[in-house]
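Since the structure comes first, as structure tokens, the remarks are kept for the end.
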Amino acid sequence: MVFGSEIRVNTKGETDILDITDEVRSVVAKSAVKNGIVTVFVSGSTAGVTTVEYEPGLVADLRTAFERIAPRHAQYQHDSRWGDGNGYAHVRASLLGASLTAPVRSGRVALGTWQQIVFVDFDNRPRSRDILVQVVGE
């Protein structure tokens, strides 16, 4: 069985980190899949998904780490070509990745006790984003 749905989020941009675990769990519950996988995919080149312990300290640490790896005010060839000032967002999103796959066991997303699924919007402006969620299994 294959079941798909979308999650829509409104973000602030600037490495806005949103916990989407409950929304993904809801899609898995609606799918009726008992055992399989769930894939969360961001359609966009300035955002990504991962898992973290979603607490204020780690959220701040993650933002700081991305700023060190791909500083907002560094020179990017993308900005020179397009003039939109979000070259750093594209680099950060490429490093994080656009998708995440997790097991579904007994009808639930198999996450650790302190593990949440997060969406990260790196763009330099607020956005409305669609996150695709697909559940495959039996």
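General observations
- Of the residues making up region 36-74, those that are charged (D, E, K, R), free of Cβ contacts under 8 Å to residues at least 60 places away in the same chain and surrounded by fewer than 17 Cβ atoms within 10 Å (Cβ to Cβ) are E55, D61, R63, E67, R68.
- Options A70, A74; residue that is of a type in the set (A, V, I, L, M, F, W, C) and within 19 Å of the chain's Cα centre (by Cα): A70
- A single entry from R129, R92, R68 fulfils the requirement of being under 16 Å from S45 (Cα atoms), in a helix (DSSP H, G or I) and charged (D, E, K, R): R92.
- Cβ-Cβ under 6 Å pairs, at least 6 apart or on other chains, region 97-122 side outside any strand (DSSP E or B), far side of a type in the set (G, A, S) and at pLDDT 95 or above: G97/G48; A98/G48; F122/A89; F122/A93
- Subset of region 43-97 (residues that are modelled with pLDDT of 95 or more and among the aromatic types (F, W, Y)): Y54, F66, Y76, Y88
- Only residues that are at pLDDT 95 or above and closer than 23 Å to A60 by Cα were counted across region 1-23, and they come to 14.
The values are calculated or read from the model by the stated rules, or taken from the named source; none is laboratory data. Just so you know, these numbers come straight off a predicted model, no measurement behind them. With ideal geometry, Cβ positions are generated from the backbone for all residues, glycine too; neighbour counts draw on all protein chains shown.
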